[in-house]
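To keep things clear, I will list the structure first and then write my remarks on it.
The values are calculated or read from the model by the stated rules, or taken from the named source; none is laboratory data. Fair warning: this is a prediction, and the values are worked out from it, not measured in the lab. Backbone-built Cβ (ideal geometry, glycine too); neighbour counts: all protein chains shown.
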């Protein structure tokens, strides 16, 4: 009876007389982005084991939040998944508002949903563009980054920034949509359609791309669930779990959209799921713009919301209110709450604890790509070294979110 190959036995230690090698890939390797290291055991070029080390970014998100006030946490959330910061802002705001029992205005819910979907598209364009570039399709990478800039123009028009937006507030958002936002969206989507059509022609039926992606990094539905995977990684296995559908927040239960799924749970399915989700996000944005009501985008409670700048600069009452909210913080009632949103990589959850002071007692984030990285070893055992690049790219590990 033939013995299984060494990589199938998952060798635990290297013997000098054996052929199993131990090598380190990263964090200086271009594909590891400087924030992660793969400790590999190889039988030739076949991966026997892959021990993943995260922690080279040293972000310290949770402890930094516990040193500042509730409002001062929003700039830190920008740096989690920095490809879709608006979603991070919304997730943290919902957790704090749930704890404080705050009901935000209807228009604010629509505005948050619109900008979350714009951010989802920018997130997927970043992931797919870079993943394509790493397998040689540099043209697709340039195309998708060009399309992402069009969406960043929308983000800048609303928030005043392109990446670190710090746009949400407890009880609302800092700025409303500009008057010409609908026209801006339509112009951006026309260009986006052209770019996605070109990328579809270049990649979806490209033999080299399919050979590099199809059947690589596959994981079963049961394994994906056991690892706690969510988002495109889980949906690629055929499980249609989406926080926007399973646990609707904001106004997502009012929109008609589909949850794209795959079948084999491999890198090709993950690519296609993200690709199709961009079209679904467009559907949501168009429905939201068509039905958005008039009204304020923030509550008016002066003990929670920062006063407008003209009041701060021109009245002592506004100045003192601003000073107390910044220095002492919003007094959130004691308790704990958890709120989750559908991030670009899956379920992004925030667990917050208040002791009644103006600063969080405890902040905990559930970053979806952290769970994806825990399953990377399972996806790579038995594969070849080049498969690390494609699989890691489709997990879309964001250092700020994973090493928090």
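Things worth noting here:
- Summed over the stretch 307-347, the residues that are surrounded by 19 or more Cβ atoms within 10 Å (Cβ to Cβ) and touching a strand residue (DSSP E or B) at 6+ places or on another chain (Cβ under 7 Å) give a count of 5.
- Among the residues of the stretch 78-103, the ones that are more than 22 Å from residue 324 (Cα to Cα) and either touching a strand residue (DSSP E or B) at 6+ places or on another chain (Cβ under 8 Å) or not assigned by TED's automatic domain parsing to the domain that holds residue 285 (or both) come to 12 in all.
- Residue within the stretch 246-264 that is modelled with pLDDT under 95, buried (at least 19 other Cβ atoms within 10 Å of the Cβ), out of contact with any strand residue (DSSP E or B) (no Cβ under 7 Å at 6 or more places or on another chain) and at positive phi present: no
- Among the residues listed as 292, 285, the single one being at pLDDT 95 or above, buried (at least 18 other Cβ atoms within 10 Å of the Cβ) and over 22 Å from the mean Cα position of the chain (by Cα): 292
- Flag if residue 177 is surrounded by 19 or more Cβ atoms within 10 Å (Cβ to Cβ) and at pLDDT 95 or above: yes
- Here the condition is being outside any loop (DSSP other than H, G, I, E, B), touching a residue at least 12 places away in the same chain (Cβ under 8 Å), under 30 Å from residue 378 (Cβ atoms) and assigned by TED's automatic domain parsing to the domain that holds residue 218; of 283, 270, it holds for 270 alone.
- Test result for residue 163, in a helix (DSSP H, G or I) and either assigned by TED's automatic domain parsing to the domain that holds residue 192 or closer than 30 Å to residue 306 by Cβ (or both): no
- Checked against (1) surrounded by fewer than 20 Cβ atoms within 10 Å (Cβ to Cβ); (2) in contact with a strand residue (DSSP E or B) (Cβ under 8 Å, 6 or more places away or on another chain), residue 350 passes all but a single condition, namely (1).
- In the set 130, 144, 115, only one residue is in a helix (DSSP H, G or I), within 30 Å of residue 325 (Cα to Cα) and in contact with a helix residue (DSSP H, G or I) (Cβ under 8 Å, 6 or more places away or on another chain); that residue is 115.
- Within the stretch 362-380, tally of residues that are over 30 Å from residue 323 (Cα atoms) and touching a strand residue (DSSP E or B) at 6+ places or on another chain (Cβ under 6 Å): 6
- Search result, residues across the stretch 288-305 that are touching a helix residue (DSSP H, G or I) at 6+ places or on another chain (Cβ under 6 Å) and touching a residue at least 40 places away in the same chain (Cβ under 8 Å): 288, 289, 292, 293, 295, 297
- Any hit, the stretch 196-219, residues being on the phi > 0 side of the Ramachandran plot, in contact (Cβ under 8 Å) with a residue 40 or more places away in the chain and touching a helix residue (DSSP H, G or I) at 6+ places or on another chain (Cβ under 8 Å): yes
- Test: residue in the stretch 83-92 that is at pLDDT 95 or above, within 26 Å of residue 341 (Cα to Cα) and surrounded by fewer than 18 Cβ atoms within 10 Å (Cβ to Cβ): no
- Put simply, of 383, 359 the only residue that is more than 22 Å from residue 175 (Cα to Cα), touching a strand residue (DSSP E or B) at 6+ places or on another chain (Cβ under 6 Å) and surrounded by 15 or more Cβ atoms within 10 Å (Cβ to Cβ) is 383.
- Looking at 126, 230, 139, 237, just one residue is in contact with a strand residue (DSSP E or B) (Cβ under 6 Å, 6 or more places away or on another chain) and in the same structural domain as residue 348 (by TED's automatic domain parsing), and that residue is 230.
- For the stretch 32-50, residues that are farther than 19 Å from residue 401 by Cα and in contact with a strand residue (DSSP E or B) (Cβ under 7 Å, 6 or more places away or on another chain) total 11.
- Boolean, residue 183 is surrounded by fewer than 22 Cβ atoms within 10 Å (Cβ to Cβ) and either at pLDDT below 90 or touching a helix residue (DSSP H, G or I) at 6+ places or on another chain (Cβ under 9 Å) (or both): no
- Inspection of the stretch 41-50 finds a residue satisfying the criterion of being at pLDDT below 95, outside the structural domain of residue 345 (by TED's automatic domain parsing) and surrounded by 24 or more Cβ atoms within 10 Å (Cβ to Cβ).
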